[in-house]
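Notes follow once the structure below has been shown.
The values are calculated or read from the model by the stated rules, or taken from the named source; none is laboratory data. Every value quoted in this text rests on a predicted model; they were computed, and no experiment measured them. Neighbour counts run over all protein chains shown; Cβ positions are idealised from the backbone, glycine included.
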């Protein structure tokens, strides 16, 4: 019975791993740049965001993921650039992706911006079979302890945003690279990259003078996998802190909370619990920590409000000041 349960868990883990080739995040609304290059520069500041996710804590070989993103407008009018670094470890497979993003935006009817983005970079993927516990250590399929390779890729996206609304569609990886997991060229759906398509949207509603509500969604479409989606809603109190709930179709539900430590610096935490398969009985849920900082290079008194979708300022000379700085560092 123990062997049967272990086998079922491994199969479920492989299926979930395949469906989430690109790492999932409960804080997806803070991680837009990782999946949509058109987001780069949209916050009109040099923004740096870090995320750490420990999934299925206590489960041997469960996914652990970190992302670090940075983006900013540049001296070229209405353009932005960004950098995304994603490290994802699942069992004996480790992937580290580094991508550069470029975006260009146009004003739409004076109410918002429509941005076009391109993404290019590479993913270094390594399998380390020494981490596996085999009944037969002499199995020829695993005679090589480590196998690794570089997987270059490109992607693109569209992103529309205004004061209180955003929506976007993207595919961060157009090339479906195959990764050979052994000297025998053992290839499978699990070992090959697949195109992912993402649709995102969010809205900010004023409930009263103290509270705002921000519902968001994140839809994921992948070949040979069911369409999945995340739904979340955050209640924001006096532009100082937020609390919310999330639901991931066919997978998990959870809570998230955060605080604006300063108008420029925010941090958040989330917890979600898998409900759709037997893994929930063998782990202590999934945890995430998020940190974000906006380098605005301006006095605090010039802020109109904390940033939800993009920044608005009282002064009209902000862009000139920020672009001069960005030109010097990029």
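See the values below:
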| read-out | value |
| --- | --- |
| Every residue from region 1-37 that is assigned to a helix (DSSP H, G or I), within 23 Å of residue 223 (Cα to Cα) and either at pLDDT 95 or above or in contact with a strand residue (DSSP E or B) (Cβ under 7 Å, 6 or more places away or on another chain) (or both) | 17, 19, 28, 32, 33, 34, 35, 37 |
| Count - residues of region 259-279 that are touching a strand residue (DSSP E or B) at 6+ places or on another chain (Cβ under 7 Å), over 21 Å from residue 52 (Cβ atoms) and either surrounded by 15 or more Cβ atoms within 10 Å (Cβ to Cβ) or at pLDDT 95 or above (or both) | 1 |
| Options 231, 213, 256: the member that is at pLDDT 95 or above, under 16 Å from the mean Cα position of the chain (by Cα) and surrounded by fewer than 16 Cβ atoms within 10 Å (Cβ to Cβ) | 231 |
| Any hit, region 122-129, residues being at pLDDT below 95 and loosely packed, with under 12 Cβ neighbours inside 10 Å | no |
